[in-house]
Each structure stands twice: as C-alpha cells, then as structure tokens.
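Enquirer: Below is a structure I'd like to ask you about.
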Amino acid sequence: MYELREEHLDKIFKHRELQQKLVDAKLEQAQEMMKEAEERHKREKEYLLNQAAEWKLQAKVLKEQETVLQAQVRPGGRGMGVLSSLSPDKKAGAKGGQQKSSYVAGDGGMGIGNEEQLHIYSYFQVKIKAQYY
C-alpha cells in the first residue's frame, strides 16, 4: 500500500516537472519572439530615420533648384536666366527646345551648378534603385 502511494506521488511530481518544463519553454519562446520584435522595430526605426534624412536632403535640393529656376524665369531679376546670356541665334534654338541649358549659378552664389545637380541626382538614383531592386 505504501509503495502504491509512493508511485502515485512520483507520477504527480514527474507530471508537475513536465508541466514546469513546458511553461519554461513557452516563456523562453515568448521572450525570444519579443527580442526579435524589438530588433525588427529598431531596424525599422533606423530605416525610417535614414529615409527622413534623405527626404530632407532631397527637399533642400529641390528647394535650391526651385530658386535657380525661378531666377531663370524672372525677367530683370538677379539671375535673368539662360536666355539673357545667349546670343540671338542661340535664343531661338533654346526657345524651340533644341538648345539645352548650361546654367551655372553665376549670380553671387544663388543656387547650385549643373555638376552638383548631376552628382545629387546620381546619388538619389542609386538610393532609389537600391530600395527597389
């Protein structure tokens, strides 16, 4: 009779021990999932901060380009534009879309030059391709 009771208690202890191991395994799994979620959140936050910084830079570049283009369009303004610096025969070609502008801000540092614009444009093209491919 004592032996049956001893066996029964052993079975209960083993059952509780297995239940505890199962609970510990579930807890460990939940902690690991939480850690992965935190890492994923951190990576996403870094990505979004980088994206925001790039967009700010792009906005700044576009604002500068807007300033340059407005200076080109404004007649009698500081940067009278490309057409005012061309000879009469080149003006006709430029108005017809045959002549490309080679405007470089020569009006006291207003705006950025073509070389800088190409560099920035190339930079963003590489960034965009890297995101989608």
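Enquirer: Go through the range 42-48 residue by residue and turn each phi into a ³J(HN,Hα) via Karplus (6.51, -1.76, 1.60, θ = phi - 60°); whole Hz please, and just put x for glycine and proline.
Expert: 5, 5, 5, 4, 4, 4, 5
Enquirer: Please calculate how many Å² of accessible area the range 1-78 carries per residue, with a 1.4 Å probe and no DNA, RNA or ligand atoms counted.
Expert: 97 Å²
Enquirer: Continuing with this model, one more query. Using 7 Å Cα-to-Cβ label points, what is the HIS15/GLU44 separation (nm, one decimal)?
Expert: Placing both labels 7 Å beyond Cα along the Cβ direction yields 4.3 nm.
The values are calculated or read from the model by the stated rules, or taken from the named source; none is laboratory data. Everything numeric in this text was worked out from a predicted model, so none of it was measured. We place every Cβ from the backbone using ideal geometry, glycine too, and count neighbours over all the protein chains shown. Surface areas here come from the heavy atoms of the whole protein model, side chains and all, with no ligands, DNA or RNA. Shrake-Rupley method; radii C 1.70, N 1.55, O 1.52, S 1.80 Å.
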